[in-house]
Amino acid sequence: MLYLFVQTWIWILTAGLFGLFIGWLIWGRGVSSQQTNPGRPQADSEKTASPGLENRYRSSQPDAFEEQGEAIDDGAPLLLSHPEGEPDDLKRIKGVGPVMEKTLKELGIFHFHQIAAFTEDNIRWIDNNLAFPGRVNREQWVRQAGILAQGASTEFSDRYDEREQTKDNWN
């Protein structure tokens, strides 16, 4: 009887350790790669709980970034400190929910045309700054944003618009 008890606990501990290892592989490595990304300068404002991302914004005046000592060609897409007019509803892109939209806006991405203009370097930069690497390519954000930037719609954006209209009717 004692033998079965000990054997059961050994298997439970082994399974628990295996689960922790798999969890670390899936989630832990992504967090550590964001913290130690050599291609992205760490601003003092990023060390706070609510990072002020103004140092990462790219403007049309490269001199402003050179004075701050940041590399201009770091793979970052065109980032804005504020939207040009009314910001686009980025949730109309499949794979962008409220939290992801907030994160993109904190990074300085407010418009479909910004996402539609992503290059491979830009996508790598975005992947390094999002909690879900590979999402831009997997969910085809660039293609969807290109369609939406031209004023057309996608199947997903049509469904999203219908849901939003239904919500408005209930309120």
Selection over the range 92-121 where residues are in a loop (DSSP other than H, G, I, E, B) and more than 19 Å from Asp158 (Cα to Cα) yields a count of 6
Of the candidates Ala131, Ala152, the one satisfying the condition of being modelled with pLDDT of 90 or more and outside any helix (DSSP H, G or I) is Ala152
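The values are calculated or read from the model by the stated rules, or taken from the named source; none is laboratory data. Keep in mind that what you see is a predicted model, and the values were worked out from it rather than measured.
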